[in-house]
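Working notes, structure below.
The values are calculated or read from the model by the stated rules, or taken from the named source; none is laboratory data. Everything numeric in this text was worked out from a predicted model, so none of it was measured. With ideal geometry, Cβ positions are generated from the backbone for all residues, glycine too; neighbour counts draw on all protein chains shown.
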Amino acid sequence: MKKVIIGLSVTATLFMTNIHANDKGKGIFESKGCVICHKKAMDTIGPSLATIAASYAGREATIIDYLKGDAEPIVDPSRKAVMNPQLAKLETLFDDEIKALAEYIISANDIAAKR
């Protein structure tokens, strides 16, 4: 019984940590203006979060590198010049903030599916 309680406690802690990171990532996404061009499930000025998430699925480290400016985009590389000034807004973020932003973007497939 003790192991079950400990297991549930660990699971709840991990779940809450993920929610916190997702909220943090969403806050960064909104405050840095990403939401203007990137909608959850619809391509507009930029690709949707669902499109980005599907393209980077299984490549979480690659999206982090891209957000840091250390990798080329894999979604619509022809629009790289448009995105570069926006990426400059992320240069002041700490690694944990970039990771939270990446986790929020990657989670967009789950977000769009719930709609």
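Screening the candidates I36, I63 for the property of being among the hydrophobic types (A, V, I, L, M, F, W, C), touching a residue at least 24 places away in the same chain (Cβ under 8 Å) and assigned to a helix (DSSP H, G or I) yields one hit, I63. For the residues I52, I98, the requirement of being assigned to a helix (DSSP H, G or I), of a type outside the set (S, T, Y) and within 16 Å of S31 (Cβ to Cβ) singles out I98.
Residues of segment 106-115 that are crowded, with 20+ Cβ neighbours inside 10 Å and either touching a Lys or Arg at 6+ places or on another chain (Cβ under 8 Å) or at pLDDT 95 or above (or both): A108 alone.
Inspect all residues belonging to segment 62-71 and state whether any of them is touching a Phe, Trp or Tyr at 6+ places or on another chain (Cβ under 9 Å) and among the polar types (S, T, N, Q).
First pass over segment 62-71, keeping only residues touching a Phe, Trp or Tyr at 6+ places or on another chain (Cβ under 9 Å): 62-63, 66.
Restricting the remaining residues to those that are among the polar types (S, T, N, Q) gives 62.
The answer is yes; a qualifying residue exists.
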